[in-house]
């Protein structure tokens, strides 16, 4: 069976974009792939983290995976730092990765901004650790959105460079598993920007932990325009906030924007928002409730992570031993 690897950073405030753009799609993948879903806490510390918050957020992401429908019996769920082979392989791969490749990574430029000279090495080398995450398990497919395509291409380049340097065909070149509709959910306050956990305004996003009242309030306050809904999606051109809400409804209803426009054509957004609120509460409410239950039972969540790390670690240890043999490292 083909093998999937993917992960989410435990930096708090998992939101609707994370759910529709990634986690919901992963639930379906577990039926057809061997799936490894990681909480990438080593990636999180490329930015300063409060230790207590990092632990809490790691458990929250784990809870969100399970509440959304990812089965820890079918899949491997673990946090990255429990399997030290990730870090060791990252160093090995770093030794075969040209600086020129890393200099082209746009996310480093975006996150470091004008203070590139003060950015940590971890932020710069982040894509190599991401490649190590994937290649450590010899994953064949990686579900990706638009913002991760460049990093996956780098992972393929790194795998190919390793294979060529050592004259082996050890690492498969991981293929992108392109996610479906609504991979880009935009801010509820600004349709030009993606929904983000780092946005200062909590009203810009629907969190996966929001209760029914919070969901309804945020949708009611979501920015739209004064025009009614059009008959076709073409009528949403130039109306970013309106198109975003139509896209969210379509994704939650598992239909297309064309059907949503046909259903609500001519109606004002005040009425449409009521329908969207009801739908969002119906879809997200049970997930938020389950997340709350799991967060309250930290022993259960920690047990899932521990068992997942044991399963991931067994695979990682075997592969790293094979890699060490290939490159000539002596080991016990």
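Given the options 236, 279, name the one that is under 27 Å from the mean Cα position of the chain (by Cα) and surrounded by 13 or more Cβ atoms within 10 Å (Cβ to Cβ).
Working: 236 fails: under 27 Å from the mean Cα position of the chain (by Cα).
Sole residue among the options that is under 27 Å from the mean Cα position of the chain (by Cα) and surrounded by 13 or more Cβ atoms within 10 Å (Cβ to Cβ): 279.
Report, by residue number, each residue of the range 229-245 that is part of a helix (DSSP H, G or I) and free of Cβ contacts under 8 Å to residues at least 24 places away in the same chain. Give the steps one after another, and end with the answer.
Residues of the range 229-245 part of a helix (DSSP H, G or I): 233-236, 240-245.
Passing the criteria: only 234.
Restricting the search to the range 140-165, which residues are surrounded by fewer than 19 Cβ atoms within 10 Å (Cβ to Cβ) and either modelled with pLDDT of 95 or more or not assigned by TED's automatic domain parsing to the domain that holds residue 87 (or both)?
140, 157, 160, 161, 163, 164, 165
Residue by residue through the range 13-50, note down the ones that are part of a strand (DSSP E or B) and within 17 Å of the chain's Cα centre (by Cα).
15, 35, 36, 37, 38, 39, listed by residue number.
Restricting attention to the range 253-264, does a residue exist that is under 23 Å from the mean Cα position of the chain (by Cα), in contact (Cβ under 8 Å) with a residue 24 or more places away in the chain and part of a helix (DSSP H, G or I)?
Yes.
Just the residues that are farther than 16 Å from residue 304 by Cβ and out of contact with any helix residue (DSSP H, G or I) (no Cβ under 9 Å at 6 or more places or on another chain), please, taken from the range 22-49.
Across the range 22-49, the qualifying residues are 22, 25, 28, 29, 31, 32, 33, 34, 48.
Is it the case, given these coordinates, that residue 296 is surrounded by 14 or more Cβ atoms within 10 Å (Cβ to Cβ) and out of contact with any strand residue (DSSP E or B) (no Cβ under 7 Å at 6 or more places or on another chain)?
No; evaluated as a whole, the condition is false for this residue.
Taking residue 110 and the conditions (1) assigned to a helix (DSSP H, G or I); (2) at pLDDT below 95; (3) touching a helix residue (DSSP H, G or I) at 6+ places or on another chain (Cβ under 9 Å), which numbered condition does it fall short on, given that it satisfies the others?
Here residue 110 meets the rest and fails (3).
Which of the residues spanning the range 51-90 are in a loop (DSSP other than H, G, I, E, B) and touching a helix residue (DSSP H, G or I) at 6+ places or on another chain (Cβ under 9 Å)?
69, 70, 71, 72, 75, 83, 84
Residue 318 - would you say it is at negative phi, more than 26 Å from the chain's Cα centre (by Cα), surrounded by 14 or more Cβ atoms within 10 Å (Cβ to Cβ) and assigned to a helix (DSSP H, G or I)?
No; evaluated as a whole, the condition is false for this residue.
Surrounded by 16 or more Cβ atoms within 10 Å (Cβ to Cβ), modelled with pLDDT under 95 and either part of a helix (DSSP H, G or I) or not assigned by TED's automatic domain parsing to the domain that holds residue 257 (or both): does that describe residue 137? I'd like the intermediate steps shown before the answer.
On the way: surrounded by 16 or more Cβ atoms within 10 Å (Cβ to Cβ): yes; modelled with pLDDT under 95: no; either part of a helix (DSSP H, G or I) or not assigned by TED's automatic domain parsing to the domain that holds residue 257 (or both): yes.
Taking the combined requirement at face value, the residue does not satisfy it.
Among the listed residues 130, 82, identify the single one that is touching a residue at least 12 places away in the same chain (Cβ under 8 Å), out of contact with any strand residue (DSSP E or B) (no Cβ under 9 Å at 6 or more places or on another chain) and buried (at least 17 other Cβ atoms within 10 Å of the Cβ).
On the way: 130 fails: out of contact with any strand residue (DSSP E or B) (no Cβ under 9 Å at 6 or more places or on another chain).
So the residue among 130, 82 that is touching a residue at least 12 places away in the same chain (Cβ under 8 Å), out of contact with any strand residue (DSSP E or B) (no Cβ under 9 Å at 6 or more places or on another chain) and buried (at least 17 other Cβ atoms within 10 Å of the Cβ) is 82.
Report whether or not residue 70 is at pLDDT 95 or above and more than 20 Å from residue 293 (Cβ to Cβ). Steps first, answer last, please.
Working: at pLDDT 95 or above: yes; more than 20 Å from residue 293 (Cβ to Cβ): no.
For residue 70, the condition - at pLDDT 95 or above and more than 20 Å from residue 293 (Cβ to Cβ) - is not met.
The values are calculated or read from the model by the stated rules, or taken from the named source; none is laboratory data. This structure is a prediction, so every number in the text was calculated from the model and none was measured. Every residue, glycine among them, receives a Cβ derived from its backbone with ideal geometry; neighbour counts consider all protein chains shown.
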